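The values are calculated or read from the model by the stated rules, or taken from the named source; none is laboratory data. Just so we're clear, the structure is a prediction, and the values are computed from it rather than from any experiment. Using ideal geometry, Cβ is built from the backbone for each residue, glycine included, and neighbour counts are taken over all protein chains shown. Heavy atoms of the whole protein, side chains included, go into the accessibility calculation; ligands, DNA and RNA do not. Shrake-Rupley method; radii C 1.70, N 1.55, O 1.52, S 1.80 Å.
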Amino acid sequence: MRTVAVVGASLAGLSAARSLRKQGYDGRLVVIGDEFHRPYDRPPLSKEFLAGTLGEGELALEADGEDLGVEWLLGAQAVELDHAGRAVRLADGREVHADGFVIATGAAARTLPGSEGLAGVHTLRTLDDARALRDELARGGRLVVIGGGFIGAEVASTAYALGLDVTVVEAAPTPLAGPLGETMGAIVSALHADHGVRLVCGVGVKGLSGETRVDAVLLEDGRGLPADIVVVGVGARPCVEWLEGSGIALDNGVKCGADGRTNLAGVVAVGDCANWYDPRAGLHRRVEHWTGARERPDAAVATLLAGGAVQPGVPRPPYFWSDQYGVKIQFAGHAAGADSVTIEAGAADDRDVLAVYRRAGRPVAVLGMNQPRLFMRRRKELAADAS
Amino acid sequence: MMIPACRLEDLPRGEAHRLDIDPPVSVFHTDDGELFAIDDTCTHQDASLADGWLEGCEVECPLHASKFDLRTGAVDAPPAKLPVRTHEVFVEDGMIHVRLSMDAPNLPPCIAARLAGGPA
Ligand SMILES: Cc1cc2nc3c(=O)[nH]c(=O)nc-3n(C[C@H](O)[C@H](O)[C@H](O)COP(=O)(O)OP(=O)(O)OC[C@H]3O[C@@H](n4cnc5c(N)ncnc54)[C@H](O)[C@@H]3O)c2cc1C
Ligand code: FES
């Protein structure tokens, strides 16, 4: 292999570039990214960066002086993968020819139809989004967060600490019930009420009101929530439109094997855009977490360099963390399919629980709130048990 | 400075023992029976590496999964960027001792600010 093109210059793309070099690839390496920034870390965007306690320089993912021998094509959007011609075409007409491709284009924040062009309405995915939101939060006022998922909850928590008046609207009866299940979703989202952040559940958003600037969020039950700032945190969609027509199998992202291989030879997919095969569960899952984007490129790159001739190992159960109202939340495994959840340490009222999810008696997931030590033990057991 | 940590027989393989000094230091007993001492606080944020995932000569931070090499202190990947300090360990009469490094520690920004007397 003489040239590898990595498309997507964020955590998964950088991790792939690092894995390539670590695994001995010494050919030409081109990393294409449509943002103008070098790879930076997203989790702080809803936490320390938004709070103003972490500066832009500290978001960099590359270490000082790190040199991977990469040709960075930044501010360059890939618009087509020409598999037969082994090239990626860019929006400005340029082409990058390569014999190996790593797809790492991640995900983009979902928006609310009809909110385009209304000032005061934000999504949060990129550094530019975070700068704009941070500047606006600094002016204070009433914030309505649409969506009680992790990003929404983190923004609410950060904004609360900055002194804003915060309301969170969630369409489902219980926030976080998808990833955490009803019981633990209720316990984690009770953090909002502990801090006087209003949580409005079980009602959808009909639209926004305002002339040039948003002034309220209109609910489906007829209520209106006055707002100076609105953050739409309703999930993300994989950035794979540019691959349509390339012959690559797409299904909720790039469909790929447990080792990142796609249906096209010499093309692997990693990170938030990849819908991986989970050998334990026997199905495909797209997991939008930091640790997967950081670790899975190792296996994908091994597959790419070996021309697909390696046996994929069983990846560790997915893991993510979140920080809300000073509580460290950690989760590993899959809550869906669990038939019981037991609090094994701490107490829900103290918000310091360690909970284990089981299916037919076997642990399938673990949740920790301010329990890093016990959580790590359980996470280790979960990985050993599942492999 | 030399500090007694704990008795070797009280630290099983695969476990870590944290010394609550400032900044804290942890002694790791690997599955292969080797002993190492490093600064306990991850260089990224306020996490205790004694709570981490010990595998071979590496410990993975319990929060965001950066791995540190117990022999050199080197960090493998983000989000942490700086190595942890390593300390010398030796066993005398069944007692584990740590000889503290004279180097400056690489503490995460939140802790460094506290030690400097600034806001936590
Ligand atoms: C605000 C926020 C907070 C988060 N907090 C946590 C957390 O606490 N814990 C956790 O586990 N996870 C968290 N995450 C999730 C984590 O950041 C993601 O899982 C991770 O960033 C995925 O990395 P990636 O490289 O796959 O995708 P991304 O980071 O989305 O990067 C993809 C890159 O590809 C670029 N791109 C897209 N299309 C093209 C194209 N056609 N051509 C060129 N470039 C393109 C994008 O602009 C982007 O730079 C958070 C995410 C956000 C946004
Ligand atoms: S606190 Fe250790 S990697 Fe983040």
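A few notes on this one:
- A count restricted to region B:33-55 and to residues that are away from ligand 2 (no atom under 12 Å from the Cβ), under 25 Å from A:A384 (Cα atoms) and touching a residue at least 60 places away in the same chain (Cβ under 8 Å) stands at 1.
- Considering (1) closer than 20 Å to A:D259 by Cα; (2) assigned to a strand (DSSP E or B); (3) within 13 Å of chain B (Cβ to nearest Cβ), the lone condition that A:P297 does not fulfil carries the number (2).
- Selection from region A:31-78 of residues that are in contact (Cβ under 8 Å) with a residue 60 or more places away in the chain, in a helix (DSSP H, G or I) and either more than 16 Å from ligand 2 (Cβ to nearest atom) or at the interface with another protein chain (Cβ under 10 Å from one of its Cβ atoms) (or both): A:P43, A:L50, A:A51, A:E56, A:L59
- Restricting attention to region B:18-27, the residues that are open to solvent by 60 Å² or more (accessible area, probe 1.4 Å) and touching a residue at least 24 places away in the same chain (Cβ under 8 Å) add up to 2.
- The residue that is surrounded by the most Cβ atoms within 10 Å (Cβ to Cβ), counting only those in region B:56-87 that are free of Cβ contacts under 8 Å to residues at least 24 places away in the same chain and more than 9 Å from every other protein chain (Cβ to nearest Cβ), is B:C61.
- Residues of region A:75-88 classified as within 10 Å of A:W242 (Cβ to Cβ) and open to solvent by less than 60 Å² (accessible area, probe 1.4 Å), total: 3
- Inside region B:42-53, residues that are open to solvent by 10 Å² or more (accessible area, probe 1.4 Å), outside any loop (DSSP other than H, G, I, E, B) and modelled with pLDDT of 95 or more make up a count of 3.
- Residues satisfying the stated conditions in region A:328-379, i.e. among the polar types (S, T, N, Q) and open to solvent by 50 Å² or more (accessible area, probe 1.4 Å): A:T342, A:N370
- Verdict on B:A37 being assigned to a strand (DSSP E or B), open to solvent by less than 30 Å² (accessible area, probe 1.4 Å) and either more than 10 Å from every other protein chain (Cβ to nearest Cβ) or not acidic (D, E) (or both): yes
- When the strands (runs of 3 or more DSSP E) confined to region A:79-161 are screened for residues that are under 18 Å from A:F49 (Cβ atoms), none reaches at least 3 such residues.
- Sole exception among (1) hydrophobic (A, V, I, L, M, F, W, C); (2) more than 11 Å from ligand 1 (Cβ to nearest atom); (3) within 17 Å of A:V268 (Cβ to Cβ); (4) within 14 Å of chain B (Cβ to nearest Cβ) for A:L14, by number: (2)
- Picking from residues in region B:88-106 that are away from every other protein chain (no Cβ under 14 Å) and surrounded by 14 or more Cβ atoms within 10 Å (Cβ to Cβ), the one that is farthest from A:L61 (Cα to Cα) is B:M95.
- The set of residues from region A:301-319 being buried (at least 20 other Cβ atoms within 10 Å of the Cβ) and on the phi > 0 side of the Ramachandran plot is empty.
- Scanning region A:26-55 for residues that are surrounded by fewer than 19 Cβ atoms within 10 Å (Cβ to Cβ) and either out of contact with any strand residue (DSSP E or B) (no Cβ under 8 Å at 6 or more places or on another chain) or farther than 28 Å from A:D135 by Cβ (or both) turns up A:D26, A:G27, A:R28, A:A51, A:G52, A:T53, A:L54, A:G55.
- Scanning region B:59-74 for residues that are of a type outside the set (S, T, N, Q) and either assigned to a loop (DSSP other than H, G, I, E, B) or more than 24 Å from B:P109 (Cβ to Cβ) (or both) yields a total of 9.
- Of all the listed residues (A:V240, A:V231), the sole one being in contact (Cβ under 8 Å) with a residue 40 or more places away in the chain and within 21 Å of A:E116 (Cβ to Cβ) is A:V231.
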